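Please treat every number below as a calculation from the coordinates, not as lab data. Bear in mind that the values here come from a model prediction, so they are computed numbers and not experimental data. As a convention, Cβ positions derive from the backbone with ideal geometry for all residues, glycine included, and neighbour counts pool all protein chains shown.
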Amino acid sequence: MSKRQILVVDDDHAVREIIATLLISEGYDVVAAEDGFAALAQLKKKLPDVIVSDLEMPGMSGFELLSLVRRHFPQILTLAMSGAFLDDGVPMGVIADGFCAKGGSLKNLFRALEQLIGSAPARADARRREIAPVLDSAQWE
């Protein structure tokens, strides 16, 4: 089995490096970006399996980044992080597959990531059902 590729997006250099280092130590292939614009530049190079993104960042926020990712790359799993929300459920208005509150144990981040990756087949199936079928023009005649 190949390594899961994760893009970590956070404007705080220390947080970004700690998360990336710990994910690498757990066997993930990790790329990091300091904001939404840098993350989009990484997506031009290679699409990851998962994006782990902070929500509050200057430039392009995680809210904007995750919305763009959902619209243009719906196959990428997304995990939002923020210190502004305390619950582990995805906050209202956040377009992400999962959420992890910042400031808690990093075990919570790993647990949320594992749950997200474990649910990937079911999520992909649900997304396929959301897409409208393409009609053959002969059906219209």
To make sure I understand the rule: partners must be lysines, Cα under 24 Å from the Cα of K44, and not fewer than 8 residues away in the same chain. Which ones qualify?
K3
Sorted by chain and number, the residues with a modelled amide H under 5 Å from that of T78, at a separation of 5 or more or across chains, are I51, D97, G98
Residues with beta-carbon under 9 Å from that of I117, excluding I117: net charge, scoring Lys, Arg +1 and Asp, Glu -1?
-1
Placed amide H near V8: partners under 5 Å, 5+ positions off or other chain
V31, A32, A33, V52
